Amino acid sequence: MDFAQWLALGIFAVTIIAVVTNVIDSTLAALIGVAVMIWAGVMSEEDAFKYVDWNVMAILVSIWLIAGYFGKSGVPSWLSVQALKLSGGRPGLLVMILTFIAGVISMFVDNVVTILMMAPVALPLARAMKIPPVPVILMIGFGANFMGTALIIGDLPPQMLHSVAGAEFFDFIWQHGRPSSFPILLLTFLVTLAGMYAYGFRGRQRVADIGALGIDAKIANPLFAGVVVGWFLGTVIAMSMREYIGVKLGFIALTGAISLVLALHFLGERVKQAPSFEEMVQELDWRAIFFYIALFALVGGLEKSHILDLLANAMKPLFAENYALGATVLYWVTVPIVGLVEHDAYILTFLYTIRDMAKDGIEPWPLWWMLLWSGTLGSNLTVAGAPALYVALSLAEKEEGRKVSLREFLAWSIPFTLLCSAVCYVLGMLIWVLPYAK
């Protein structure tokens, strides 16, 4: 490598270390890293702007906005009460159902938003059922972080795959004649929930009369809830038809968000529970938005300096000689790494690396899927890998009024991560990797 490449790699490495160690705010560290790359001549300011996938950013902001209204519609509270009834008063089963609901919601909503929706309605149930709140909230956090990669809408990694590889909505369900992300992760999720039930929730005493708990939830304004849910579903359906509509996913999502705001405005007093557009914009996680913008630009700097080409060339012999072994190494190296570092930067870097290997005849799709799955599931290992788990842990500590030790956290995160990673690895190898191995 020449001096310019070492410089680009050094700036990127120092920035990621600053993000991981939280020496300064992670968003500020990422933005400073981009500025240093520009001033150092790694790329121009125009390059930095062009490397940002504004289509992905439009998806994120728009879906977050719609999800904000969904969270205030009363539907999450109503779902939690239905979960209580469905559990039949069995505490362990209730936790699994709440975790499953969090996973389903996170397929369409950012995982942090999902936790902020579900935790406040799950905690009263935990108190009433005499379940320790820490495992309840952590399981909801794991579930929310788990299923975000099942569909293109829920989290940044699948949207980055759309950006790098052109994956469309239905590619996450069925692709190249075989099941892909949604069915594989759903099956993995169900097996993992069964395993976690046996690990830490089986045998808890059943509440015979759940009606005596006095817990109920009614949707205060069915019109408001109906409009939000209907608009959400309509936006998702429109996004699934993107190839036929012929416009970018971000524009479809933005149209859905803007038209929802407009519809609620015209309904006026009939949906008085609806927050104002100004309130919803203020509640958006602007730190995360700026972090993701900076992340695209940082990885763009590596691409501009051809470091990703060098990485692809270094990895290519392993995959060319033994494709299954290469996929296995990629998967199981990724799991612990993303448990210790913010997984989005790692995934984006290797999405580009696999794309570059594909130029030399390496089949990319099994590797893209294995990267996405291991990068998502492995991030459940610690709070460093997934910001959503930090939010979940903070809510649990606030509820119990104490600090949750690392040992206690790992007692739940390690079994969950190892189990789901192992199940998904077996499915991914059988369905995707081995059919392409020579």
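The values are calculated or read from the model by the stated rules, or taken from the named source; none is laboratory data. These numbers come from a predicted model, not from an experiment. All Cβ positions, even for glycine, are placed from backbone atoms using ideal geometry, and neighbour counts span all protein chains on display. Note: areas computed on protein heavy atoms with side chains; ligands, DNA, RNA excluded. Shrake-Rupley method; radii C 1.70, N 1.55, O 1.52, S 1.80 Å.
Observations, loosely collected:
- Restricted to the range 315-433, the set of helices (runs of 4 or more DSSP H) holding at least 1 residues that are modelled with pLDDT of 85 or more and of a type outside the set (D, E, K, R) comprises 323-338, 343-358, 365-377, 406-428.
- Lone unmet requirement of (1) touching a residue at least 60 places away in the same chain (Cβ under 8 Å); (2) under 30 Å from Val56 (Cα atoms); (3) open to solvent by less than 10 Å² (accessible area, probe 1.4 Å) for Val229: (3)
- Residues in the range 103-123 that are open to solvent by less than 10 Å² (accessible area, probe 1.4 Å) and closer than 19 Å to Pro183 by Cβ: 2 in all.
- The residue of the range 382-419 that is farthest from Leu116 (Cα to Cα), among those that are open to solvent by less than 30 Å² (accessible area, probe 1.4 Å) and among the hydroxyl-bearing types (Ser, Thr, Tyr), is Thr417.
- Of Ala257, Ala294, Ala253, all but one fail to be open to solvent by less than 70 Å² (accessible area, probe 1.4 Å), closer than 18 Å to Val14 by Cα and in contact (Cβ under 8 Å) with a residue 60 or more places away in the chain; the exception is Ala294.
- Residues in the range 36-60 that are open to solvent by less than 40 Å² (accessible area, probe 1.4 Å), at pLDDT 85 or above and in a helix (DSSP H, G or I): Met37, Asp47, Ala48, Asn55, Met57, Ala58, Ile59.
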